[in-house]
Amino acid sequence: MAREAKFQSGKQETGKVSEAQSPTGEQPHDSALRPKLFADVIGQKSVIHRLTIAVNACRKLKEPLPHILLDGPPGLGKTTFANVLPNELGTTLQITSGPALTRPADLIPFLTNAEEGSILFIDEIHRMPRTVEEFIYPAMEDFRLDIVLGEGLGARTVSMRLKRFTLIGATTRSGMLSNPMRDRFKMHEHLDFYSVEDLAIIVSANARKLETHLAPLAALEIARRSRGTPRIANSRLWWARQYSASELDGRITLEAAQKALDIAEIDINGLDKQDRRYLETLCGVFMGGPTGVEAIAATMNIPTDTLADEIEPYMLREKFIIRTPRGRVATAKGWAITGNAPPANYPTEADNPDLFSGQPE
Ligand code: ADP
């Protein structure tokens, strides 16, 4: 029977994974609201279908689950799936992240602690240094660890057998993963943005967990203004609950949700101040582009990774911007958000096919 995975952190210095601070840096309410089993996971039907097949096969064949790469923008459920899989299998989970693994030795405790059939989750795996990546290859392929002892002429390699474990890697940038690393994952699953209907189901279920009354229209309003992302929907729900508890009777009606989101400066498209600043910078400073992401990030004084991981994916999906070989370009829809009209000679795909053809940068 499925049970909740025991968390193990092989990272000696951090000790066990706590609710308040996890190696993936998530918020406490993330783990409280996170689904425990496939039955609690909303949306992503085809991903769940394939993972269920893999889990059933692994049970019947008595083999470990294949190594799985999960990719997609932040907050769409990569960590959730990494938690659900060991729960479904009744096995243990160890969690770490690419940036925490600065040298091969950092990985050794995780690999040697891995039990037969257990799961090792590496978040932000694209940020793992190349030396660590190369060190993990024999572990992934042959469940073997090659440790070099000594230096120079006296150096020798000692091989150690590992228990058959499963590596789940999560990345917001699968393009930054090296080909050899990517090829070692037997399953690749891409998580896409959620529909408004699925997000409304998620916030309604979470309101029940928080013992908060959430009107169905309020759930839809929060869902519509959550950028297709469950983590954002949960924090918008949390804010609406705060607002109603402070200013009203604690129930989240449609009016309460609207007012709470307006106060948080989240517009009807779900864009927040930072999203709008991005479009204002692209349109106001760079005349709508094309311009490189680094230039926009430098002007906004925020890291390029934040733009590329957290702001742009939704802008691209909603076609507020497009990526061209020469950089980002705001669309008419993107200009409309800024409240300004594009310049008279603004390039469109129809009148400037050169700009829009070829590989995006
Ligand atoms: P990621 O690892 O991709 O950044 P998470 O798995 O941490 O995203 O998801 C953030 C939060 O969103 C979770 O704590 C969970 O509450 C919620 N969530 C994500 N995906 C789902 C889903 N499919 N169904 C229900 N809730 C979800």
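The values are calculated or read from the model by the stated rules, or taken from the named source; none is laboratory data. All values derive from a computational prediction rather than experimental measurement. All Cβ positions, even for glycine, are placed from backbone atoms using ideal geometry, and neighbour counts span all protein chains on display. Just the protein is used for accessible areas: all its heavy atoms, side chains included, with ligands, DNA and RNA removed. Shrake-Rupley method; radii C 1.70, N 1.55, O 1.52, S 1.80 Å.
In a residue-by-residue description of segment 141-154, the property of being touching a strand residue (DSSP E or B) at 6+ places or on another chain (Cβ under 6 Å), part of a helix (DSSP H, G or I) and not hydroxyl-bearing (Ser, Thr, Tyr) applies to no position. Do we find a residue being open to solvent by less than 10 Å² (accessible area, probe 1.4 Å), within 16 Å of the ligand (Cβ to nearest atom) and not in a loop (DSSP other than H, G, I, E, B) anywhere in segment 106-117? Scanning segment 106-117 turns up no residue that is open to solvent by less than 10 Å² (accessible area, probe 1.4 Å), within 16 Å of the ligand (Cβ to nearest atom) and not in a loop (DSSP other than H, G, I, E, B).
Residues in segment 133-145 that are surrounded by 18 or more Cβ atoms within 10 Å (Cβ to Cβ) and over 22 Å from residue 54 (Cα atoms): 133, 135, 136, 145. Within segment 294-303, can you find the residues that are open to solvent by 10 Å² or more (accessible area, probe 1.4 Å) and hydrophobic (A, V, I, L, M, F, W, C)? Across segment 294-303, the qualifying residues are 295, 298, 302. Consider segment 83-95 and keep the residues that are in a helix (DSSP H, G or I) and of a type in the set (S, T, N, Q). The one that is surrounded by the fewest Cβ atoms within 10 Å (Cβ to Cβ) is 87.
For segment 275-293, which positions are open to solvent by 40 Å² or more (accessible area, probe 1.4 Å), assigned to a helix (DSSP H, G or I) and within 18 Å of residue 333 (Cβ to Cβ)? 276, 277, 280, 284, listed by residue number.
Can you find even one residue in segment 234-245 that is closer than 21 Å to residue 310 by Cβ and open to solvent by less than 20 Å² (accessible area, probe 1.4 Å)? Spell out the reasoning first.
First pass over segment 234-245, keeping only residues closer than 21 Å to residue 310 by Cβ: 234-239.
Going one step further and asking which of them are open to solvent by less than 20 Å² (accessible area, probe 1.4 Å), we end up with 234, 237.
Yes: one or more hits.
In the condition set (1) away from the ligand (no atom under 16 Å from the Cβ); (2) open to solvent by 10 Å² or more (accessible area, probe 1.4 Å); (3) of a type outside the set (Phe, Trp, Tyr); (4) part of a helix (DSSP H, G or I), residue 80 is compliant with all but (1).
Results for (1) assigned to a helix (DSSP H, G or I); (2) under 14 Å from residue 88 (Cβ atoms); (3) modelled with pLDDT of 95 or more, shown as yes or no for each residue.
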position: 1; (1), (2), (3): no, yes, no
position: 11; (1), (2), (3): no, no, no
position: 19; (1), (2), (3): no, no, no
position: 31; (1), (2), (3): yes, no, no
position: 46; (1), (2), (3): yes, no, yes
position: 54; (1), (2), (3): yes, yes, yes
position: 59; (1), (2), (3): yes, yes, no
position: 65; (1), (2), (3): no, yes, yes
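Selection of segment 49-77 for residues being touching a strand residue (DSSP E or B) at 6+ places or on another chain (Cβ under 8 Å), more than 7 Å from the ligand (Cβ to nearest atom) and open to solvent by less than 20 Å² (accessible area, probe 1.4 Å) yields 51, 54, 65, 67, 68, 69, 70. Close contacts from segment 60-79, counting a first residue that is farther than 23 Å from residue 178 by Cα and a second that is away from the ligand (no atom under 13 Å from the Cβ), with Cβ to Cβ under 8 Å and a gap of 6+ residues or different chains, come to 63/57; 63/164; 64/58; 64/116; 64/117; 64/164; 64/165; 64/166. With respect to the numbered conditions (1) out of contact with any strand residue (DSSP E or B) (no Cβ under 8 Å at 6 or more places or on another chain); (2) within 13 Å of the ligand (Cβ to nearest atom), which one is the sole condition not fulfilled by residue 237? So residue 237 meets the others, but not (1).
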